[in-house]
1. Whole angstrom only: what separates the Cα centroid of segment 454-512 from the Cα centroid of segment 546-609?
2. Taking 25 Å as R0, compute the FRET efficiency from the Cβ-Cβ separation of LYS523 and ALA147 and round it to 0.05.
3. What is the count of Lys pairs in segment 257-370 whose alpha carbons sit under 18 Å apart, if the two are 8 or more places apart or on different chains?
4. With an 8 Å cut-off on Cα pairs and a minimum separation of 6 or more residues, tell me the relative contact order of segment 502-644 in percent.
5. Using helices alone, what [θ] at 222 nm do you get for the chain, with -39,500 (n - 2.57) per DSSP H run of 4 or more residues, divided over all residues and rounded to the nearest 500?
6. With angles folded into 0 to 90 degrees, how steeply does helix 650-668 sit against the dominant principal axis of the chain? Use alpha carbons for both and round to 10.
7. What is the distance in Å between the Cα centroid of segment 618-664 and that of segment 249-324?
8. Given a 1.4 Å probe, how much area per residue of segment 205-301 is accessible, in Å²?
Amino acid sequence: MKNYDHKTIEEKWQKAWEEKRIFNPDIRNAERPYYNLMMFPYPSAEGLHVGNVYAFTGSDIHGRYMRMRGYDVFEPMGFDAFGMHSENFAIKMGMHPAELVPKNIRRFRDEQLKRLGAMFDWDHCVDTTHPSYYKWTQWIFKQLHKAGLAYQKDSPVNWCPSCLTVLSDEQAGGGVCERCDSKVTTRKMRQWFFSITSYAERLLKNLNRIDWSQTTKTAQSRWIGRSTGAHIRFPLVDYFGDLVVYTTRPDTLFGATYMVLSPEHPLVPEITKADQRMQVDTYVEAAKSKTPFERAEDKEKTGVFTGAYAVNPINDQRIPVWISDYVLMGYGAGAIMAVPGHDTRDFEFAKKFSLPIVEVISPDGEKHELEEAYTGPGVLINSSQFNGMESEKAIKKITSYLEDKEMGEYAETFRLRDWCISRQRYWGPPIPIIHCPDCGAVPVPDEDLPVLLPEMTDIKPDGSGLSPLARNEQWLNVQCPACGGPAKRDADVNDNFLDSAWYFLRYPSTEFDDRAIDKDITKKWLPVDCYIGGNEHAVLHLMYVRFVTMALKDMGVIDFEEPFKKFRAHGLLIKDGDKMSKSKGNIVNPDEFFEKFGADTFRMYLMFLGPYEQGGDWRDEGIIGIRRFLERVWRFADDENLEKGMTKDKDTLRAIHQTIRKVTEDIESLSYNTAIAALMELLNELMKQDAHYADEAKILVRLICPFSPHIAEELWRHLGQEGFCSAARWPKFDEKLCVEDVITVIAQINGKLRGRVEVSARASKDEVLEKARTDANVVAHLEGKTVVKEIYVPGKLVNFVVK
């Protein structure tokens, strides 16, 4: 018997897999296609981190299991390599990203990912920075533009003063940049947007039917943020027009005693009276320096009266119009009707500026002196003909009343905002638009794609708000494709989340240079059968992917509107009580463990740490136990004295078939830690037996193959099997052989029958007595009594003697 040498074994089988191309399915002719996908990594200079290994291993186990179930599994891998992180790091290191990124990709692929033992199909790899890929990213931009889903407008946007670029709302969560943690500010700039809000209703509705992790669906539902209410028009005094607001509480309209506009609202400069102009202008300028997050925080309210008045359409009362930075343009129409009696922020504002507070919703129908805003349901008071009506009913009645007067209508709104995709950086795919003074924004013709990212040495943003590409005059100045006159390229690049919003569509079609997505192949393989990734992408990446998929479906490019049949979010690894991070100094370097213990041990240990969808607590010393387990598997299956065939022992057969069932069910539910525990129990059971059989070993080796594939391949050959264990059929269990021998034992108290319990024929005396004590009738008759003796007749009865 040879010793278990993981280095030799892993190198041997990785080479064999690659030479025989067993993980490269016939994309065109596969009979049982199964698309198994994991989120592709960003190739950082630090290399693959243990979180990547954890995610990829869990996905690969599922893919390997499905392959052994007879499916043609497609499991591609690629690199999400554009974006600010790459560019910032390259600048910091004094390198060009075009030099750094390919170097990082080679390290990821050749030194780490191939060592993992995953069944990646490298023939269909994608690199988002390669022109053969971003040509089609630009093409997708054009399709969205052609469909009216890409548009340009001047808008207040999130600006990172460190990265010197615009961020989407999702990338500026909590008021800080998701890339560098810098405090985000606001700028008004001309930007490109994708109209994701056009799909808000479908994005929300489909969450009810897709098979995704519930945490992810909840996060998306909250971000989409559907609410129902009414649009209400307040006529402006001394100004031709109305001030339109959205409210979810039209039942409180009689309590609206003032209006508040966002400082950015376009009506502010038009309705402000001359004697208030200086104060308003000063306040507007001050608001520009605050982030949306700061403005939304609970703090002392500030504001300025514009001098203008509006008319409350429900009672014709004139109410003043103020501006305040607690109102954001991103909510509703950037204007609110303030009801201080029933909104906490409005109450604080009214108290500070001595504005009227009117109670119109009472919890008991009586009038009260309000010490704070009452925000719950109740009965309407001070509301004219609606007095005495329950607030829920009044919402509908008052909305109908406004509709009859043509002063309002029922409305639904969403928290979701359109996706700002312009980035004022160098490292990204240029937006394929040419700006002509006569023709406007003209898409670059398909035959001129890709718009290549020009070679530049000065790629640092200068804080002007312009992309570094705007400084490259030779690249920037072109002829208009429509009229032939002088024009300029759009100097911004796409948000790199557009790169990852469609990569799963490209994988099966990488062999085609003349189309982004081959229809026949896409119809065969998509949507993706199983997608696994981090829940930190629940809003950003996954929302954008769903939007792009729906849009392409509406254009007829594909025939499905949800990208992934099943999505599961994996958990996070903890070390020393904290999430792993460089700042905490608790990072685990995969290379060290690949080298010392091997990929098989490392893979299995990661999956044993805890439930895959929850994560686990890493301990360096814990991996030794998994290594010892695999060494025991090696000794058992590599034993030259294995007897032919299968054991006849009934108890051993039951353990084998119960383990096959358990591991099968656990892999299908991604419960890898309990599957591994079951394998350990089975090995213990097999090792107890006087004789060990070859067919037992073959089953054990196949069961560990998805977790630790290299050792499985080696032992499969040692057992005299041809071909690859990875291509062998998954063992089947016999339900009849899984059933325990069960007997019925009578439970007596002082010799009187009080119950019957079913137990295993192999159950011990203590197990039978414990089971009898849990019988409801026995429990009832034992209450208040003392058991002085317990009698057990094996296989027949128990008798509790009590007094």
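The values are calculated or read from the model by the stated rules, or taken from the named source; none is laboratory data. Please read these numbers as outputs of a predicted model, since none were measured by experiment. In this analysis, Cβ positions are derived from the backbone assuming ideal geometry, glycine residues included, and neighbour counts consider all displayed protein chains. All accessible areas refer to the heavy atoms of the entire protein, side chains included, with ligands and DNA or RNA removed. Shrake-Rupley method; radii C 1.70, N 1.55, O 1.52, S 1.80 Å.
1. Between the Cα centre of segment 454-512 and that of segment 546-609, the gap is 30 Å.
2. Details: r = 21 Å, r/R0 = 0.85.
The pair LYS523/ALA147 has a calculated efficiency of 0.75.
3. 8
4. Values: 137 pairs, mean separation 27.0, N = 143.
19 percent.
5. Values: 27 runs with 276 residues, N = 803.
When only DSSP H runs of four or more count, the value is -10000 deg cm²/dmol.
6. So the inclination is approximately 10 degrees.
7. Segment 618-664 and segment 249-324 have Cα centres spaced 72 Å from each other.
8. Details: 4700 Å² over 97 residues.
Here the residues of segment 205-301 average 48 Å² of exposed surface.
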